[in-house]
Amino acid sequence: MGMASLKRIFITGISGCIGHYLADELIQGTDHELFLLVRNPDKLQFDPKLRSNIHLIPGDMGTIEAHADLLQTMDCAILIATSWGDRQETYNINVVKTLTLINLLNPERCEQVIYFSTASILDRQGQPLPEAGSLGTDYIRTKYLCHQALESHHDSPPEVTPIAEAMANKITVVYPTLVFGGEPSKPYSHLSGGLGEILRWLPLIRWFRADGSFHFIHGRDIARVVAYYVDNPPQKRIDVVLGNAPLTATEGIRQVCQYHRQKIYFQIPLSLTLANIFIKLFRIQMADWDRFCLDYRHFTYPNPVAPAQLGLPAHCQTIAELMAASPKSTGRN
């Protein structure tokens, strides 16, 4: 890589699953100077001393204003950090402080902001899903609010100055679908962390056919896509759904069973009526968002992007590859 193409990159959320894969990609595949906002360095499962131009910045999003001078010198910012805490903290971090960080960047120098949203706030046409704002969990609702603030200056919360037009046009919003990933040297995503428990129910799950569809993507593939955009700034605001081609729930179950050599003889259609019977029978508590997702069922989006769409090698494109890459996927029977 030539010296002219080196960038100063500020990254939040590096200690999570996606953050670790991105660290791998940027440390091993580029010479960019990295500034990693880290609240607890003990959570890092990689060596930040691998290169002399990797800097740990002590702190968190709650006090992002303390880094105003440093942010003015950045060529790129990658915003992965998110809060799952109490209602007020979630709003403060996911909306107010995220927008504040973008405002602290220098639009004359910063080429691009890569902001991590979630595909859960989009409808099947890739447009904002109003129910995400009205019924969503605190996490979903705040991601929706931040998205709306980035879309329209009129929706900027009163605590934050609206994003300048020059900066708004440099934002690449990425919307991960179902994220898998994790290994001994990297934290597990929420889904991969629970994979072992789900697979224990496979002998029962295989008897049902479910109406629904979804996309998935591995953390390493997310990192490859993000690294591509770091080196190829779009020069305009773009929205990128991160995911492989859609799968039906029934096909997903079939592929998992095939990998684990669990035969499927026949399947009972899991209708909404039958699902409601199970919910009552097992006294399952469902929040408004859970109920909405059960009714909505098909979380698919137009033009999902994975490494293959960018001409890059893919890590996991199929369920079988996903199972093989996951230490939480107990061996085949």
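The HN-Hα couplings worked out from phi for the range 227-240 by the Karplus form 6.51 cos²θ - 1.76 cosθ + 1.60 (θ = phi - 60°) are 4, 4, 5, 4, 8, 9, x, x, 6, 6, 5, 9, 10, 10 Hz, whole numbers, x standing for Gly and Pro.
Considering helices alone, the calculated mean residue ellipticity of the chain at 222 nm is -9000 deg cm²/dmol, with DSSP H runs of length four and up weighted by -39500 (n - 2.57) and normalised per residue. Remark: the chain carries a charge dipole of roughly 1320 debye about the Cα centre, counting +1 on each Lys and Arg Cβ and -1 on each Asp and Glu Cβ. With only Cα atoms counted, the range 29-73 has Rg and Dmax values of 11.5, 31 Å. In the context of the full set of protein chains, residues of the range 71-163 present 40 Å² of accessible surface per residue (probe radius 1.4 Å, heavy atoms only). Within the full protein context, the accessible area of Cys110 is estimated at about 0 Å² for a probe radius of 1.4 Å.
Of the trypsin sites (Lys or Arg not before Pro) found in the range 1-54, those in coil by DSSP whose Cβ has at most 16 other Cβ atoms within 10 Å are Arg39, Arg51. The three principal axes of the C-alpha atoms in the range 104-182 carry coordinate ranges of 35, 33, 24 Å, sorted with the longest axis first. Using C-alpha pairs below 8 Å separated by at least 6 residues, the relative contact order for the chain is 18 percent.
Using the structure shown, select from Lys49/Lys97; Lys7/Lys49; Lys49/Lys170; Lys97/Lys143; Lys43/Lys143 the pairs with a Cα to Cα distance greater than 22 angstrom.
In this structure, Lys49/Lys97; Lys49/Lys170; Lys43/Lys143 lie more than 22 Å apart at Cα.
When you filter the GluC sites (Glu not before Pro) in the range 46-143 for DSSP loop state and at most 10 other Cβ atoms inside 10 Å of their Cβ, you are left with Glu108.
Springs join every pair of Cα atoms under 10 Å in this Gaussian network model of the chain, and among Gln112, Gln72, Gln28 the largest mean-square fluctuation is at Gln28. The largest accessible area among Ser326, Ser185 belongs to the first residue in Ser185, Ser326, and the rest follow in falling order (1.4 Å probe, all chains). Using the empirical formula 2.2 N^0.38 Å as the baseline, the Cα radius of gyration of the chain reaches a ratio of 1.03. Rounded to the nearest 5, what % of the DSSP beta bridges within the chain are antiparallel ones? Approximately 10 percent, going by the DSSP bridge assignments. Taken as Cα centroids, the range 1-58 and the range 114-143 sit 28 Å apart, rounded to the nearest whole angstrom. Comparing Ala23, Leu44, Leu105 along the charge dipole axis of the range 9-112, the residue lying farthest to the positive side is Leu44, per the Cβ-charge model.
Assuming a viscosity of 1.567 mPa s and a temperature of 4 °C, what translational diffusion coefficient in µm² per second does Stokes-Einstein assign to the range 6-97, Rh being the Kirkwood radius over Cα pairs?
The estimated diffusion coefficient comes to 95 µm²/s.
For Met167, the accessible surface of its heavy atoms amounts to roughly 0 Å² (probe 1.4 Å, protein chains only, rounded to the nearest 10). Only protein heavy atoms count here; under a 1.4 Å probe, Arg87 has an accessible surface of about 140 Å².
The values are calculated or read from the model by the stated rules, or taken from the named source; none is laboratory data. Bear in mind the structure is a predicted one, so any value in this text is a computation, not a measurement. Cβ sites come from the backbone with ideal geometry, for glycine too, and all protein chains shown count toward neighbours. We work out accessible area using only protein heavy atoms, side chains counted, and drop any ligands, DNA or RNA first. Shrake-Rupley method; radii C 1.70, N 1.55, O 1.52, S 1.80 Å.
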